[in-house]
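Visitor: One structure is given below, represented as structure tokens, and several questions about it will come after.
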Amino acid sequence: MSESAVAAGELDDYILAVPGVDALYPAGPLLTTVVASVVAALIPSVAAPNPIVVVERSGGLSIAANIGVAPDHAAPDVCRRVHDAIAEHFRHAGDPVISEIAVTVARIG
Amino acid sequence: MNAPDIPFVAFDPEELAEEQARLSGHTIEDLNDYLDRGRTPSDSSIDDSPACTTALTRLERLRAALRRVDSAAVDRESAGTDGWVATIIDSIRLETRAGRRIPLTSDSPVARLALTEGAVIGVLRTAGDGIDGILISRCRLDGDVTEPGAQITVRLEVSVGADGMNTGESITALTSRLRAAVHAVLVQQTELSIAAVDITVTDLYLTTPPPSSEGEADE
């Protein structure tokens with residue numbers, strides 16, 4: 001298993017453009033994310049961690065995103081739209097095998 | 001207007017560590033101080049955390065409610081650690097947890113979609129606290145929310161202020177409005193099968209008299 005940078009950077013903007021999404025939160029383990037954020041803040045040349053986790057497994061790519069949903073949108077619909085946006089994004093990025101797209105709504109409103 | 005002093009109850013170091021883990025290294029007191037400073041300088045470790053954002057929203061709502069409450073009642077509450085203000089602060093600590101994973105349906109074979117329990121409780125609180133005179137003290141989802149189709153009972157404990165009640169309105173009528181608002185949110189924002197929304201009124205609080213009329217001297 002390895003971390004993959006496959007188009008993960010561009011995914012941020014793609015997901016944030018989905019109607020109803022108003023925030024993107026780190027999907028990785030909390031400690032890892034906090035440490036990476038601190039390192040990025042202290043060392044300008046180090047990029048801040050990407051909030052979207054893309055992991056390459058033998059069965060295909062596994063993608064995870066945690067989102068915040070605006071109050072005037074239905075969270076289940078937004079969640080499904082984000083899943084569809086991720087799937088479409090990877091179709092355009094070479095159509096790799098995808099084993100899982102996990103989208104979690106961490107906050108509503 | 002200065003924010004009212006919000007009393008805090010004592011808690012042990014293990015709870016503190018757990019709270020900091022949930023709130024990206026912060027405590028409820030840190031968030032309270034952040035509000036006191038007008039959220040400046042901005043702190044991305046707070047602003048980018050869903051748990052912190054939820055807690056900040058609730059602290060702001062509590063502050064707004066306390067501004068309407070009779071100051072003598074606030075003083076009495078602040079003197080103890082078991083009053084409704086302390087209860088609400090305690091519940092903010094507990095409910096900033098992400099909690100259980102509530103699955104959402106999808107036609108996609110690779111989809112794993114979910115709401116966090118914390119997100120659902122947060123939006124229920126927003127609906128409840130949005131009704132004048134209602135402050136949610138505790139909110140709980142009883143039942144196996146991780147199992148699609150399982151029957152869930154929402155249990156709310158609320159404080160009721162007289163300012164939110166229409167003339168002649170009973171507490172029963174006010175809680176009916178709350179139940180309807182909560183149910184509407186559950187239908188819009190979740191796929192849970194709701195068996196019941198149980199509401200217990202645990203406190204009644206008095207409100208500040210209206211501002212002095214024209215002609216009366218202000219300080």
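Visitor: Can you tell me which residue within the stretch B:122-132, out of those that are facing chain A (nearest Cβ under 10 Å) and of a type in the set (A, V, I, L, M, F, W, C), is surrounded by the fewest Cβ atoms within 10 Å (Cβ to Cβ)?
Guide: Residue satisfying both the conditions and the ranking: B:Ala127.
Visitor: Any residue that is at pLDDT below 60 and in a helix (DSSP H, G or I) - is there at least one of those in the stretch B:48-71?
Guide: yes
Visitor: Show the residue pairs meeting these rules: Cβ distance below 9 Å; 6+ apart or different chains; first residue within the stretch B:139-157 and surrounded by fewer than 16 Cβ atoms within 10 Å (Cβ to Cβ); second residue basic (Lys, Arg) and assigned to a loop (DSSP other than H, G, I, E, B).
Guide: Note: pairs meeting the criteria are B:Asp144/B:Arg100; B:Thr146/B:Arg100.
Visitor: Scan the stretch A:62-81 for residues that are within 19 Å of B:Glu117 (Cβ to Cβ) and in a helix (DSSP H, G or I) and jot them down.
Guide: Residues satisfying the conditions are A:Ala75, A:Pro76, A:Val78, A:Cys79.
Visitor: Do the conditions hold for A:Ala64, that is, is it touching a strand residue (DSSP E or B) at 6+ places or on another chain (Cβ under 9 Å), at the interface with chain B (Cβ under 9 Å from one of its Cβ atoms) and either on the phi > 0 side of the Ramachandran plot or in contact (Cβ under 8 Å) with a residue 60 or more places away in the chain (or both)? Lay out the reasoning, then the answer.
Guide: Details: touching a strand residue (DSSP E or B) at 6+ places or on another chain (Cβ under 9 Å): yes; at the interface with chain B (Cβ under 9 Å from one of its Cβ atoms): yes; either on the phi > 0 side of the Ramachandran plot or in contact (Cβ under 8 Å) with a residue 60 or more places away in the chain (or both): no.
When the stated conditions are applied, A:Ala64 does not pass them.
Visitor: If you go through the stretch B:85-118 one residue at a time, how many are within 10 Å of chain A (Cβ to nearest Cβ), farther than 13 Å from A:Cys79 by Cα and modelled with pLDDT of 85 or more?
Guide: 4
Visitor: Is it true that B:Gly149 is among the small types (Gly, Ala, Ser) and away from every other protein chain (no Cβ under 14 Å)?
Guide: Numbers: among the small types (Gly, Ala, Ser): yes; away from every other protein chain (no Cβ under 14 Å): yes.
Yes, satisfied.
The values are calculated or read from the model by the stated rules, or taken from the named source; none is laboratory data. Remember, it's a predicted structure, so these values are computed and weren't measured experimentally. All Cβ positions, glycine included, derive from the backbone under ideal geometry; neighbour counts span all protein chains shown.
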